[in-house]
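Worksheet: one structure, shown below.
Since every read-out is calculated from the coordinates, none of them should be taken as a lab result. Since the model is a prediction, treat every value here as computed from it, not as a measurement. Reconstructed Cβ throughout: ideal geometry from the backbone, glycine too, with neighbour counts over all protein chains shown.
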């Protein structure tokens, strides 16, 4: 009986250890969030940390929201001891500078879900050599480095005037302040815009960030002066038409901003007239979402939008633009917004535009038929429509059949099952003999 008592004693000690471990996990398990911090290096990393004073939960996640999206980015995080860290590599996943990121932590422990307080991280352009200075000009804060102070302050004054005129026409005040960052170097400017920027870009606006980026080398002074008015108008337009359903037609957004540069579209009317004579005008539904890539397609799209805005103001009054903006804020479609501003349906307004230039409404372009494929399929067969034919591959057998691979799979399952049963029986016999010896 000595060995049996020893085994029972060992089992009792083991159970005690298990119980004590369970008690300890209750005392030292997840008990809430401690200090949460975040820091960033532009073009390098964004690092988020949180302290877990009582230990890690069953599951931990970092929740990130960006101004450019209504979605929440959820990142699973594996804690290390009483600390958890998540790193966003901005060298491969670009984030636009001056983005205010909102973050919080979510812990799931057992059946309980805990969420930390909300924190913010401003991801700014802190690259070496960019010694930023700032000044407030009306509702705008201008930022510059090097010797660009005079140009930056002038951009601030021009943007203030442009924003005020746009507010009057749209019937809506800016929802918040605007930041303008002035870059002296081309590399610095394109480094801020990221890998998706077009090589011809001289200025860029991110209305959701309320931020404008200007490059002093983007063009002559006269061009930059009209460009800053164009860009700030985009921010006012977004505020005036914001709704949870869709963005207004691109031709209207860009057309209004282009018209606002000079409060007219005389130069753009010449462009449209020249293209109309050659029979090359676009259909407005074709430029409602995106503009064609290329100098001609892009310039014509901007010009058509500006001329349309000019015609709406001339034929239906300046208040027509404000009525359209109000309709968009209420969730109207493009056709409903046009009708609210002009009393005409979209098709009627478009037809009047083309009639003014002596051309008919563009017809839809029929897609060209796809030619026969000459791509060879596996096994030497050609794709349907190709020059050669081949038999179709054999169909899989039905439920009552089964090929060689089917019976091989069944045989393997039977063999594995027999081995498991034999192993269990052998283990039982050994345990029984040991028990019988202990009772002797």
Spatial separation of Cα centroids for the stretch 105-182 and the stretch 309-326, in angstrom: 30 Å
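Between residue 68 and residue 360, what's the calculated FRET efficiency when r is the beta-carbon distance and R0 is 41 Å? Round to 0.05.
So, using R0 = 41 Å, E works out to roughly 0.55.
Considering only DSSP beta bridges whose two residues both sit in the stretch 126-242, what percent are antiparallel, to the nearest 5?
50 percent
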How big is D for the stretch 170-326, in µm² s⁻¹ as a whole number, if Stokes-Einstein is applied with the Kirkwood radius of its Cα pairs at 25 °C and 0.890 mPa s? 148 µm²/s
Projected-area average for the stretch 297-336 over all orientations - Cα convex hull basis, square nanometres: 3.2 nm²
Sorted by mean Cβ packing within 10 Å, highest first, what order do the peptides 105-117, 151-163, 232-244 take? 232-244, 151-163, 105-117
Kirkwood Rh for the stretch 177-222 from C-alpha pairs, in Å, is 10.9 Å
Bin width 5 Å, alpha-carbon pairs only: give the P(r) of the stretch 245-362 as whole percents, running from 0 to the bin holding the largest distance. 2, 13, 23, 27, 21, 11, 4, 0
With no solvent term and unit scatterers on the alpha-carbon positions of the stretch 126-242, Debye gives log₁₀ I(q)/I(0) at q = 0.20, 0.21, 0.23 Å⁻¹ of -1.07, -1.17, -1.36
Starting from the Cα gyration tensor of the stretch 30-73, take the square roots of the eigenvalues, sort them a ≥ b ≥ c, and report rounded, prolate or oblate (rounded when a/c is under 1.5, otherwise prolate if a/b is larger than b/c, else oblate). oblate
How would 359, 87 line up from fewest to most surrounding beta-carbon atoms within 10 angstrom? 87, 359
Taking N as the number of residues in the stretch 36-123, what is its Cα Rg relative to 2.2 N^0.38 Å? 1.09
Please say if the stretch 215-290 is rounded, prolate or oblate, where rounded means a/c under 1.5 for a ≥ b ≥ c the square roots of the C-alpha gyration tensor eigenvalues, and otherwise the choice is prolate for a/b larger than b/c and oblate otherwise? oblate
